[in-house]
Each structure stands twice: as structure tokens, then as C-alpha cells.
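A.B. asks: Please read through the structure below; I'll follow up with questions.
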Amino acid sequence: MSGQSQVDLLKRLLHYVETRTTAMADAPWRNDVSVYTRPERLAEEQRVLFRHHPLLMGFASEWAAPGTFRTDDFAGVPILVVRGRDGKLRAFLNVCRHRGAKVAQGSGNARLFSCPYHAWTYDLSGKVTGIPDERCFPEVRPERSSLAELPLCEKHSLVWVIPTAAADGSTDFDIDPWLSGLGPELASFEFGSWAFYDKRVIPETMNWKLVVDTFNEGYHIGFLHRDSLRDVLHGNITDFEAFGLNHRLTFPRKKLQRLKEEPEESWELMWNTTLVYSLFPNTVLLVQGDHVELARVFPCEGRTDRAVMDLGLYVPKAPETDEERTHWDKNMQLVLDVVTGEDFPTGRSIQLGLTSGAQTHLVYGRNEPAMIHYHQSMQAALGLASVGSQQAAE
Ligand code: FES
Ligand SMILES: [Fe+2]
């Protein structure tokens, strides 16, 4: 974000803090509870959002060297992302062309991939390079000469994959149209030099969208987080800006008012706010002053009340001392304490409430514009007529 845009945003936040106001939607909006509970709706989300939308896989720096690979099954299909000898990052369905076993396991660095079942081998560009006892497979290699490649985009120091092979066979795409103007802002953080530090995979017993909703408003900060975040962030004060289906929410830190005594040229957005980027459909990138938390959220087990969050912590440079490591470990523990200790128990209670028959709709207030935007965006992406309403319902 340009220096002037940062100052403008900080001024908006100072105004909100001084006047006890916040970014507002035009009206409250009511969302049908079945959005979180109907198996048919989940099936449609999986078919459309988790197969045909780009999904953020991580920071490009996680695949720095040729041969570095990561496998990832969260989207419901096994995905292998690997940097080739030529420096190009590629994504494949991690599915052996013999009988379908995963050819790569976990993550690491490889010269080639050897399927554990019958040892068919593949090079880093996905090409079949070896078939044991190939005389038993006459004419087979030309028909299945490589792993199925998926469209991948490496841009703004981030990596996205569309988890369905393109009908026209293309293996790259441009993320910018999907980001609707947010691309340069993401690029401005210069994540290329950042390092992955640590991650947790957190299974949850609630709809995957309730996990995402956790990050979509600051109304709850003064209440649910009264013992953790209330002294750090202002509650119920956020700036909101939509970028197509995506959005940015900005939470002012309590220390924001100090800026008024400092020259504008020295104002820094990152140090005075928590920036929450919702990268539709399932990713939340939080810029937390000196580090970034990346939450990728997925449905799982084909159930409306099961989700998994892949939470990564990224730092401006790889730590070299125990002191630095202790600092980042504490940050990881803090986010776990707040999110899994405070937010998610509430999400689980909501999941129970959704199926109770207490009400047909939930209501999102004018002070929850990102909730409204996220769920309206999802309806649009799924091609659904609006099932929400600004009118009062049960
Ligand atoms: S399934 Fe991979 S070699 Fe047989
Ligand atoms: Fe929260």
C-alpha cells in the first residue's frame, strides 16, 4: 500500500476511534442458517469454491530451492506443488498414473518422486521417467506420460492453485483478476524475503465458514476477548474495504492515538493495526505488526459440521537466535490461545445452535460489513439467488 494510502487509512481509523464509530454496511443482513447446515449447500461449495476457485497454497518462499515440494490434501484432492530444476513452480494432482497412489508424501526436497506402491518414478516436471518391468505395460507410457498438472500462479510472492485441471490444458493463470485490485497491495508487503516459521493443523467441529467468520468482525473483541485482546485492539472499530469477492478489514491497535504526536511521514500502518485480508473463498491473511498469520480453512469429511484450519506463521526473516525463536513461539502460542481457546469454542456453540430450530436466520449488524460482504460474495460465487434478507425474519 502506498505511503499516502496508509496515512489515509490511519486517519480514518483515528476518526473512528475519536468518534466511537466504525465502517458500516447500509443495513443489517440476515443469512439463512441452512447455509451452514445443509449437506447440498456444502457439496456445492466443494464443487465450485474448492475445485474452480484459486486457493492460496502459501508463500512462494516456502518453495525457494529447486526440488522443494509440499503436498496438501485439504481441498479434497491430493495436490503436489514442487519447484522444478528450471525454477518454475508447478502443481500436480498427487496421483500415480499407474493405479493412483500418492507419489509424493509430506514435504521436503526431492530429485524425483518414486511411487511407494510399484515404484513408478516421476521427475520434478511431473514426467514419468521409470516404470519397473515396463515390458508388462506395452504402449502404456505414451498414453500416460506425466502427472496431471493443475493451473498455478506464483505472483506477489504468493502461490495459488486451481484444483481442477484446465479443460484447455493450460497450467498457469493470472491471479490478479480474481484479486480485483488487491494484488499491488499484497505485493507491497514484499513477502518474497519472508520466511515460514511454524504451523498447526487444527481440526474443528463446526462448519468451515464459521471458522472463517471468526476473522470477519471486531464487534466481539471487547467481549469474547476481554482477557486477551481488549487491551491491544479497539473493539467494534474497523475499517472495511471490498475488493471484488475479497476484502480488507483493519483493526486499530490501542496505541494508535500516539500517532497524533508524530509526523505523518513516520506513520506506519503495520505497527498500529491488525490487517485482516480475506482472500476468497477460504483464506485469511493477518498482518500482525511484526509477523503474518495465514489461516487456510477447509471443510472436511464431507460434513457440514467439520472443518480444518491450516494455520501458518511467517516472519520477516528466519530467526537466528534462541531469543528470536522464543519471540515467534510466543506469538504462535498467543494466536492459538485466542483463536482455539476463545473463538472456536464459541463457533462450536453456534454450530449446535444452528441446528436447534431456534431461528431460521442469523443477523449480521451494520457494524459487521465484512460478514455481510463475505456471505453475499459466496452467494454470488455459487450463482445463488439471495437467500439472505435485509427484512426482519424469525
Ligand atoms: S500405484 Fe504408483 S506405481 Fe503402482
Ligand atoms: Fe476473535
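A.B. asks: Please list, in chain and number order, the residues 5+ apart from Asp198 or on another chain whose amide H is under 5 Å from its amide H, with Hs placed from the backbone.
C.D. replies: Leu313
A.B. asks: Also: Using the Karplus curve 6.51 cos²θ - 1.76 cosθ + 1.60 with θ = phi - 60°, work out ³J(HN,Hα) for each residue of segment 149-158 in order, rounded to whole Hz, and write x for Gly and Pro.
C.D. replies: 8, 10, x, 10, 10, 10, 7, 6, 6, 10
A.B. asks: Taking H placed 1.01 Å from N in the peptide plane, check which residues at least 5 places from Thr68 or on another chain put their amide H under 5 Å from its amide H.
C.D. replies: It is Arg83, Ala110, by chain and number.
A.B. asks: Give me the distance between the Cα centres of segment 52-115 and segment 203-258, rounded to whole Å.
C.D. replies: Their Cα centres are 33 Å away from one another.
A.B. asks: For Met332, Met57, Met371, Met24, what ranking results if the residue with the fewest other Cβ atoms within 10 Å of its Cβ goes first? Please list the in-between numbers first.
C.D. replies: Numbers: Met332 18, Met57 26, Met371 21, Met24 12.
Ranked by crowding around the Cβ, least crowded first: Met24, Met332, Met371, Met57.
A.B. asks: Sticking with this one: Return the sequence-ordered ³J(HN,Hα) values of segment 310-322 in whole Hz as given by the Karplus equation 6.51 cos²θ - 1.76 cosθ + 1.60 applied to θ = phi - 60°, using x for Gly and Pro.
C.D. replies: Residue by residue, segment 310-322 yields 9, 10, x, 10, 10, 10, x, 8, 4, x, 10, 10, 4 Hz.
A.B. asks: Further question: Can you list the residues of segment 218-258 with backbone N under 14 Å from a point 7 Å past the Cα of Val48, pointing along Cα to Cβ?
C.D. replies: Label zone hits: 245.
A.B. asks: On full extension of the chain, what length is gained from Ser5 through Leu112, given 0.36 nm per residue of separation minus the C-alpha to C-alpha distance? Don't jump to the answer; show the numbers that get you there.
C.D. replies: Details: separation 107, 0.36 × 107 = 38.52 nm, distance 4.63 nm.
Working it through step by step, the gained length comes to 33.9 nm.
A.B. asks: Give me, ordered by chain and number, the residues 5 or more places off Ala148 or on other chains with an amide H under 5 Å from its own placed amide H.
C.D. replies: Amide H neighbours of Ala148: Leu93, Val95.
A.B. asks: For each of Val140, Val201, Val276, count neighbouring Cβ atoms within 10 Å of the residue's Cβ, then give the residues from fewest to most. Each step should come with its number before you reach the end.
C.D. replies: Values: Val140 14, Val201 11, Val276 24.
Least to most surrounded, the residues fall as Val201, Val140, Val276.
A.B. asks: For the chain, compute the number of Lys pairs whose alpha carbons are separated by less than 23 Å, excluding pairs fewer than 8 positions apart on the same chain.
C.D. replies: 16
A.B. asks: Which value in nm describes the separation of the simple spin-label points at Lys127 and Arg366, placed 7 Å from the Cα toward the beta carbon?
C.D. replies: Here the modelled spin labels are 6.3 nm apart.
A.B. asks: Zone of Thr21 (label point 7 Å along Cα→Cβ, backbone N under 15 Å): which residues in segment 203-244?
C.D. replies: From segment 203-244, the list is 237-240.
A.B. asks: Starting at the first residue of segment 187-194, write each ³J(HN,Hα) from the Karplus equation 6.51 cos²θ - 1.76 cosθ + 1.60 with θ = phi - 60°, in whole Hz, x for Gly and Pro.
C.D. replies: Result, rounded to whole Hz: 4, 5, 6, 6, 5, x, 9, 7.
A.B. asks: Let me ask you something else. Can you compute the FRET efficiency between Arg200 and Ala166 using 1/(1 + (r/R0)^6), with r the Cβ-Cβ distance and R0 = 45 Å? Round to the nearest 0.05. Provide the component values of the computation, followed by the final result.
C.D. replies: Details: r = 33 Å, r/R0 = 0.72.
Once the sixth-power term is evaluated, E becomes 0.85.
Taken together, the values in this text are just the output of simple stated rules run on the coordinates, not laboratory data. Because the structure is predicted, anything quoted here is derived from the model rather than measured. Every residue, glycine among them, receives a Cβ derived from its backbone with ideal geometry; neighbour counts consider all protein chains shown.
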